[in-house]
Amino acid sequence: MYAFEYHRPSSIKEAASLARKLADAKLIAGGQSMVPALKLRLARPTAMIDLNDLPELRGISVVGTNVVIGALTRHAEVAASKDVLMTLPVLAKVAAGIGDHQVRNMGTLGGAIANNDPAADYPAALLGLGATVTTNKRDIPADKFFTGMYETALKPGEIIASVSFPMAKRAAYIKFRNPASRFALVGVFVSETAGNVRVAVTGAAPCVFRVKNMEKALASKFAPEAIARIRVPADNLNSDLHAGAEYRSHLITVLAQRAVEAALSGK
């Protein structure tokens, strides 16, 4: 681990100011991605800005037809939240399936989406529900937030405050997970709202993405057979020691069908 300065601001304004002023500074929340990278010397920030003294970034609330979750809210808190379980249970299921007990009790929503790991679960939930990311400066639709592998639309000094998830008529998330890391080799999130269907895929490509032709087919008929013959081309999909691109292409269709089945059954 390389040496770095450590800062623990007491306000979002102070944190944002530090992030703008300090060259190559990194924000840290739960530290479940950053700390291992530091220990392996894969990251070399000149400064770390710890957000854990900012209670305004925590909490879960239901606002109209949206579930609003603070950026510093732990995965375990989302999984156990009565508000989430009653209004958007699929989100509780997503959170409950992230990593292990250590990760779920330390990892945060904001940290997960800011890191934008290609195989992370939360990006699929945001894109699959059409969520909105609120920062200290603006609101960013999920469709414009995730821009590439480990890349987002966040600008220097911009800090995620909360995420607003629209409630769905029915939704489900199914993933084929790596048995060691529990990251998704492929994960598919399907949701249906009033007149709108979304299908988001994680783990299969360098960045989470939507499958528009599946959405169109499901909008006409929300049933597994409607997408049985739809394939995502393997050309731009990931291929590694865990799974090849062709296999991931096959998994997308299989898991999307299972997600539709789960959404229909309410499981």
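The values are calculated or read from the model by the stated rules, or taken from the named source; none is laboratory data. No experiment lies behind these values; they were computed from the predicted model shown. Every residue, glycine as well, gets a Cβ built from its backbone with ideal geometry; the counts of neighbours run over all protein chains shown.
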In the list Ala217, Ala142, which residue meets the criterion of being over 17 Å from Ala125 (Cα atoms) and either surrounded by 14 or more Cβ atoms within 10 Å (Cβ to Cβ) or in the same structural domain as Leu57 (by TED's automatic domain parsing) (or both)?
-> Ala217
Can you find a residue in segment 184-194 that is closer than 30 Å to Glu56 by Cα and acidic (Asp, Glu)?
-> no
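Matching residues to (1) modelled with pLDDT of 95 or more; (2) in the same structural domain as Asp83 (by TED's automatic domain parsing):
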{"residue": "Tyr122", "(1), (2)": "yes, yes"}
{"residue": "Leu127", "(1), (2)": "yes, yes"}
{"residue": "Val133", "(1), (2)": "yes, yes"}
{"residue": "Met149", "(1), (2)": "yes, yes"}
{"residue": "Gly157", "(1), (2)": "no, yes"}
{"residue": "Ile160", "(1), (2)": "yes, yes"}
{"residue": "Ile174", "(1), (2)": "yes, no"}
So the strands (runs of 3 or more DSSP E) completely within segment 1-120 holding 2 or more residues that are surrounded by 15 or more Cβ atoms within 10 Å (Cβ to Cβ) and charged (D, E, K, R) are none
If Glu246 passes every condition in (1) in a helix (DSSP H, G or I); (2) in contact with a strand residue (DSSP E or B) (Cβ under 9 Å, 6 or more places away or on another chain); (3) over 23 Å from Gly130 (Cα atoms) but one, which one does it miss?
-> (2)
Hits in segment 192-208 - residues which are surrounded by fewer than 19 Cβ atoms within 10 Å (Cβ to Cβ) and assigned to a strand (DSSP E or B) = Thr193, Asn196
Any residue at all in segment 143-164 that is under 14 Å from the mean Cα position of the chain (by Cα), touching a residue at least 12 places away in the same chain (Cβ under 8 Å) and part of a helix (DSSP H, G or I)?
-> yes
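Does segment 155-171 contain any residue that is touching a Pro at 6+ places or on another chain (Cβ under 9 Å) and either within 30 Å of Ala15 (Cα to Cα) or not basic (Lys, Arg) (or both)? First the steps, then the outcome.
Applying the first criterion (touching a Pro at 6+ places or on another chain (Cβ under 9 Å)) to segment 155-171 yields 171.
This time we only want the ones that are either within 30 Å of Ala15 (Cα to Cα) or not basic (Lys, Arg) (or both), so: 171.
The answer is yes; a qualifying residue exists.
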